[in-house]
1. Given an 8 Å cut-off on Cα distances and at least 6 residues of separation, report the relative contact order of the stretch 3-180 as a percent.
2. Pop a pseudo-label 7 angstrom from the Cα along the beta-carbon direction at both Ala83 and Ala63 and give the gap in nm to one decimal.
3. Mind scanning Lys3/Lys128; Lys192/Lys259; Lys3/Lys106; Lys114/Lys229 and naming the pairs with a C-alpha gap bigger than 19 Å?
4. Using a Gaussian network model of the chain whose springs link C-alpha atoms within less than 10 Å, name the residue from Ala70, Ala306, Ala199 with the highest mean-square fluctuation.
5. So how tilted is helix 209-229 from the main axis of the chain? Cα-based, degrees 0 to 90, rounded to 10.
6. Using the alpha-carbon centroid of each, what span in Å lies between the stretch 85-154 and the stretch 205-225?
7. Please check: in the Gaussian network model of the chain (C-alpha springs, under 10 Å), which one of Ala211, Ala68, Ala232 has the largest mean-square fluctuation.
8. Give the relative contact order (percent, whole number) for the chain; include only Cα pairs under 8 Å separated by 6+ residues.
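Since every read-out is calculated from the coordinates, none of them should be taken as a lab result. In this text the structure is predicted, and so the values were computed from the model without any measurement. Ideal geometry is used to build each Cβ from the backbone, glycine not excepted, and the neighbour counts take in all protein chains shown.
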Amino acid sequence: MEKITVLGAGSWGTAIAFVLAENGHDCLLWTRRTEQAVEINEQHTNAAYLPGISLPENLHSHADLAAAVAHAQTIVIAVPTKAIREVCRQIEALSNEPKLIVHVSKGIEPDSLKRISEVIEEEIDQSKRQAVVALSGPSHAEEVVLRHPTTITAASNDNEAAVRVQDLFMNQYFRVYTNDDLIGVELGAALKNIIALGAGISDGIGYGDNAKAALITRGLAEITRLGVKMGANPLTFSGLTGLGDLIVTCTSVHSRNWKAGNLLGKGQTLDEVVSGMGMVIEGVRTTKAAYRLAEKYDVSMPLTQALYAVLFESVHPKEAVDQLMNRMKKQETEDIFYK
Ligand SMILES: NC(=O)C1=CN([C@@H]2O[C@H](COP(=O)(O)OP(=O)(O)OC[C@H]3O[C@@H](n4cnc5c(N)ncnc54)[C@H](O)[C@@H]3O)[C@@H](O)[C@H]2O)C=CC1
Ligand SMILES: O=C(CO)COP(=O)(O)O
């Protein structure tokens with residue numbers, strides 16, 4: 001049994017804390033809102049994010065960040081990408097011993113173009129962290145808390161730390177692999193959300209399974225192209241955090257990115273979709289980041305460019321599809337890894 005703190009009591013932070021508490025750990029779930037902490041402690045529910053689910057009674061919640069950081073040497077950060085830097089600054093200010101930092105967020109900062117582990121390393125001094133591990137893979141919170149079989153990957157430059165995280169989380173419904181390709185794992189996690197927005201748009205327009213299969217496979221090709229240029233192992237993108245997460249996010253009714261795309265495809269504006277969702281849609285900001293990364297690394301990413309045009313340049317989704325379909329003809333495999 002270990003003491004572990006999870007920062008962020010949205011749907012994924014709560015599901016992650018659920019697994020840790022069920023595994024017998026002394027898990028503290030931090031939220032910014034006192035009333036939510038009271039609900040988790042007294043009702044054993046988090047109704048706004050996981051309605052109808054009973055949380056383990058040994059899972060406790062707190063709204064005091066200093067107490068939450070002091071609680072454990074292992075800290076799991078489960079806030080949206082846009083809050084990562086701010087939360088890390090707070091951890092840095094509150095820590096006086098080295099922590100094992102695990103993050104479960106899926107995104108890239110649009111301004112700095114940094115991956116999440118890079119932001120963590122920038123904001124938390126080396127003396128205050130043992131290692132950084134990304135935990136990622138095809139894993140909707142709604143299914144994890146039903147104990148449906150889920151597979152996921154703990155990725156780190158420090159293999160010992162990845163194995164520690166594997167041991168903390170693994171149980172009969174939650175199977176954890178390790179991977180030493182942190183770049184590939186973090187990029188796959190972030191970039192699949194762009195393709196999921198596209199899959200939702202395609203379904204919203206009324207296109208069928210052929211279009212979705214095209215999005216997933218050609219999406220994987222452009223994710224791999226960028227990833228290889230950024231130093232990732234191409235094989236990682238065929239794994240859980242690449243193809244696995246692409247499939248689940250592009251096809252599941254639980255996906256917020258798919259849902260957002262679906263509403264866009266049906267004619268809602270981006271503002272309407274974002275304000276109506278009430279939960280994070282990571283793919284919107286990640287599209288900005290990936291668009292800029294494609295320029296920086298001189299990589300062709302036609303799906304990302306099409307999504308960017310729909311989200312930020314008011315191009316109609318159908319027009320974006322027409323433009324994609326009418327690009328110059330190509331040989332399928334010529335450019336998968338390099339151009
Ligand atoms: N929901 C899921 O099934 C999965 C989500 N993820 C990733 O986990 C990350 C978090 O996602 P969710 O929990 O689903 O989001 P969510 O929208 O359900 O909850 C986000 C939580 O973070 C809190 N938060 C936002 N800004 C904050 C700040 N500045 N300081 C402190 N707390 C803040 C919110 O109050 C909320 O409780 C995202 O990067 C997402 O891609 C990864 C795997 C599965
Ligand atoms: O990453 C996820 C599942 O693996 C969750 O995806 P959404 O953020 O689209 O709900």
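1. On the way: 375 pairs, mean separation 33.8, N = 178.
Once normalised by length, the contact order is 19 percent.
2. Label-label distance for Ala83 and Ala63, simple model: 1.4 nm.
3. Numbers: Lys3/Lys128 17 Å; Lys192/Lys259 14 Å; Lys3/Lys106 25 Å; Lys114/Lys229 15 Å.
The answer is Lys3/Lys106.
4. Ala70
5. Computed tilt is about 70 degrees.
6. Rounded to whole Å, the Cα centres lie 28 Å apart.
7. Ala211
8. Working: 691 pairs, mean separation 48.5, N = 339.
Once divided by the residue count of the chain, the mean separation gives 14 percent.
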